[in-house]
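One structure below.
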Amino acid sequence: MARGRRILIICRGNVGPHMSAPGIRASAQAQVLAEQVPGAEVTLAGQNGDASAPPDAPYRVVPWTSKNILRLVAEHDIIISSGLPPQIAPFFFQKRFVADLFSQYAMEWMEVGLQHYHGFGRRAWVERTRTWLAMQLTAADFVICNNERQRDSYLGTMFSLGIVSNRAYAADRTLRRLIDSAPHGVRREPPDWSGPRVLRGVHPGFREKDTILVWNGGIIQWYDPGTLLEALRRLGRDDIKLLFLGASYPGIGDLGKGPRFQNAKAIAAANGQLGRTVFFEEGWVSHEEAARYVLEADIGVCTYWDNLETRYAHRTRFLDLIWAERPFICTHGDILAEEVERRGWGIVVPQQDAEALARAIAKLADDKAFWERCRRNLAAARAELQWEVTQRPLIEFCRDGWDPISPKAERFPGLVQRIAAYLGRRAVYVWATKP
């Protein structure tokens, strides 16, 4: 494939001012590919009809739907998505496909199933997601994920699907040209703590000298806000304020306002914390405005369960805390929690241990020397987490256009079978979960 490649990124989330992790990641990839791949023409397709880009973006943004997705794929050479649609099959041999599996979707969607489905509907959901994942891995000429733990789990799946053949292994005994880690990055612009206030003296309830904790993101089923609220209750301090930043995820409505969110508000109300020391942003602040909240906070915090979703997670909400040099507290279990401990970015606590969490909050609130040491450690990590660094495997694939080490001809029969299985399982799921 010659230079001047036409690259399409199909985002499975909203693109524009109000974005969650999928849109943030896809937008950053569009930026670095446009800059780092010589002559590339990059198109970012968002699922929202008002998808947009900054005025100076070196890439174009369009909305995508089931009606225009085939035309968009036909017009481009390399297609990147966290959810390659089954309609790509007619283009399988003519195009290069990249699956950006930045979550371990099998484990994440098991958790979704536990909350949202019951009985046969839950089984139909799991089977639909299992066949969807098999289709993604088979269709992709190259796979990227968020960390090495995810990569190992996906490699095991690819072996079981027959994607890693003797020929593929002989071509690259590291298999880095088949699947590699491309972690989520941090904001490009340097943090500016002198900008306009959004909390202290502006938001009711936040005083100038309060210690502000920010829960940077929504509350969905694998998070545990209850333990955090109990820790604050035990501390009993009115100079420590907690803000839950974000509830209704853009593009997926009120998913964030499910039982975990409602329970958190009920606990805060029962404790007498709601509107006094604990606050909730009911909507989803813009990506730009979220930076102001994080910069003004003193401490980041996120608590969750130590389960398989956590083991394979890459908590993208932590990246803004690293960028803003805000020490943070989190729960044991995920790969970034290990980095917090190893690199001194904050404090890691056991799951559901309110007493340990209360001590951690007090430590970061009161020990200014410790807080400053954590802040310096976070500042030292920012350069290695720039998007042009973390996305180097994707940049190299798009720039060099190497032939897939798992040959398309070997994968095509399996792809046809897995697309058919996915479409069938999806139909069963729709039938099983209809109102």
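The values are calculated or read from the model by the stated rules, or taken from the named source; none is laboratory data. Since the model is a prediction, treat every value here as computed from it, not as a measurement. Positions of Cβ are backbone-derived with ideal geometry, glycine not excepted, and every protein chain shown enters the neighbour counts.
Mind checking which pairs have a first residue in segment 115-129 that is aliphatic (A, V, I, L, M) and a second that is crowded, with 17+ Cβ neighbours inside 10 Å and outside any helix (DSSP H, G or I), Cβ under 9 Å, 6 or more apart or different chains?
Pairs that qualify, where the first residue is aliphatic (A, V, I, L, M) and the partner is crowded, with 17+ Cβ neighbours inside 10 Å and outside any helix (DSSP H, G or I), are 124/117; 126/117.
Whether any residue in segment 99-107 is over 21 Å from residue 185 (Cα atoms) and either touching a Leu at 6+ places or on another chain (Cβ under 9 Å) or of a type in the set (S, T, N, Q) (or both) is what I want to check.
yes
Would you check if residue 171 is within 21 Å of residue 139 (Cα to Cα) and out of contact with any Leu (no Cβ under 8 Å at 6 or more places or on another chain)?
Judged against the criteria, residue 171 is a match.
List, please: which pairs have Cβ atoms under 9 Å, are six or more places apart or on different chains, and start with a residue in segment 269-281 that is in the same structural domain as residue 228 (by TED's automatic domain parsing) and end with one that is among the charged types (D, E, K, R) and in a helix (DSSP H, G or I)?
From segment 269-281, the pairs are 271/230; 271/233; 272/233; 273/233; 274/265; 278/265; 280/265.
Mind counting the residues in segment 277-299 that are outside any helix (DSSP H, G or I) and among the charged types (D, E, K, R)?
Within segment 277-299, residues that are outside any helix (DSSP H, G or I) and among the charged types (D, E, K, R) number 3.
Write out, first by first residue and then by second, each pair whose Cβ atoms fall under 8 Å of each other, whose residues are 6+ apart or on separate chains, and whose first residue, in segment 364-384, is modelled with pLDDT under 95 while the second is part of a helix (DSSP H, G or I).
Matching pairs, first to second residue: 382/322; 382/323; 383/389.
So residue 176 fits all but one of (1) surrounded by 12 or more Cβ atoms within 10 Å (Cβ to Cβ); (2) within 30 Å of residue 54 (Cβ to Cβ); (3) not aromatic (Phe, Trp, Tyr); what number is the exception?
For residue 176, the failing item is (2).
Could you identify the single residue in 53, 45, 21 that is at pLDDT 95 or above and among the small types (Gly, Ala, Ser)?
Matching residue, one of 53, 45, 21: 45.
State all residues of segment 392-410 that are of a type in the set (Val, Ile, Thr) and in a loop (DSSP other than H, G, I, E, B); if no residue qualifies, say none.
Answer for segment 392-410, where residues must be of a type in the set (Val, Ile, Thr) and in a loop (DSSP other than H, G, I, E, B): just 405.
Limited to segment 98-119, what total is found for residues that are crowded, with 17+ Cβ neighbours inside 10 Å and over 15 Å from residue 154 (Cβ atoms)?
Number satisfying all stated conditions: 5.
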